[in-house]
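Peer 1: Below is one structure. I have some questions about it.
No value in this document is a laboratory result; all are computed from the given coordinates. Note that the coordinates shown come from a computational prediction; the quantities given were computed from them, not determined experimentally.
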Amino acid sequence: DQQVKQNSPSLSVQEGRISILNCDYTNSMFDYFLWYKKYPAEGPTFLISISSIKDKNEDGRFTVFLNKSAKHLSLHIVPSQPGDSAVYFCAASMNYGGSQGNLIFGKGTKLSVKP
Amino acid sequence: DTAVSQTPKYLVTQMGNDKSIKCEQNLGHDTMYWYKQDSKKFLKIMFSYNNKELIINETVPNRFSPKSPDKAHLNLHINSLELGDSAVYFCASSSGLPLAKNIQYFGAGTRLSVL
């Protein structure tokens, strides 16, 4: 039973354009969301996060949008660069309860940015 | 100077054997984790240790036993290996308690193949 879903296994964009990666979740108790980036043969690296009390968080070229009513978040990368080519994982968590801090990951979306 | 290091990077072994994977972090973090990424690419938490004490133990067979000799190390010992144990195992660490807002830093992973 997938609580965090990334329905697009892959995405290809042109350098300089916007990349939009999507993530849906089913558990309304999640209150913290993160994006991790992973290159081949490396571990995931934290990219950006957002608390459920916000609807947007921005860090340089990366912006995460959260729509709680739709249980949907997205990661925007503008402008996209070839070095952004990687697998992007969406993760969700609750900061309370027995599963406190437990990250639930999606399956990832492989982004390819073409020069 | 690697922050979270795992050894070995690759491990090929026969069914029924016992093997260990080591993890060390030099970040001064209090919490360490083990994740399993299976063939379907899901990253799932297995264990979480805070200051050498078990915090999270997801439904993992008791053939898997984590051992934390000190807060900088969290080793994973697996008894009686089975074909289904084949996966990539990631170690991670974070400062403070295992809360989602405390960013997790991952090792490069150990690819375990059970023949």
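Peer 1: Over chain A, one equal point on each Cα, no solvent: what is log10 I(q)/I(0) by the Debye formula at q = 0.23 Å⁻¹?
Peer 2: Evaluating at q = 0.23 Å⁻¹ gives log10 I(q)/I(0) of -1.35.
Peer 1: On a full-extension model of 0.36 nm per residue, what is the gain between A:Gln14 and A:Ser112, subtracting their alpha-carbon distance, rounded to one decimal in nm?
Peer 2: Details: separation 98, 0.36 × 98 = 35.28 nm, distance 0.84 nm.
Net length gain for the segment: 34.4 nm.
Peer 1: Given a cut-off of under 8 Å on Cα pairs at least six residues apart, what relative contact order in percent is computed for chain A? Working shown, then result.
Peer 2: On the way: 279 pairs, mean separation 41.5, N = 115.
Computed value for chain A: 36 percent relative contact order.
Peer 1: If one puts a single equal scatterer on every Cα of segment A:28-74 and applies the Debye formula without solvent, what log₁₀ I(q)/I(0) results at q = 0.32 Å⁻¹?
Peer 2: So the normalised log intensities are -1.19.
Peer 1: Still on this structure, please answer the following. Straight-line reach only, C-alpha to C-alpha below 25 angstrom: list the lysines that B:Lys22 could link to, leaving out same-chain residues fewer than 8 apart.
Peer 2: Within the straight-line cut-off, B:Lys22 pairs with A:Lys37, A:Lys38, B:Lys9, B:Lys36, B:Lys40, B:Lys41, B:Lys44, B:Lys52, B:Lys67, B:Lys71.
Peer 1: Kindly provide log₁₀ I(q)/I(0) values, in the same order as q = 0.10 Å⁻¹, from the Debye equation applied to equal alpha-carbon scatterers of the protein assembly as shown.
Peer 2: -0.46
Peer 1: Next up: Taking only Cα atoms and a 10 Å spring cutoff, compute GNM fluctuations for chain B and point out the largest among B:Ser86, B:Ser20, B:Ser39.
Peer 2: B:Ser39
Peer 1: Let me ask another. Using Cα centres only, tell me the gap between segment B:68-92 and segment B:2-32 in whole Å.
Peer 2: Using only Cα atoms to place each centre, the spacing works out to 6 Å.
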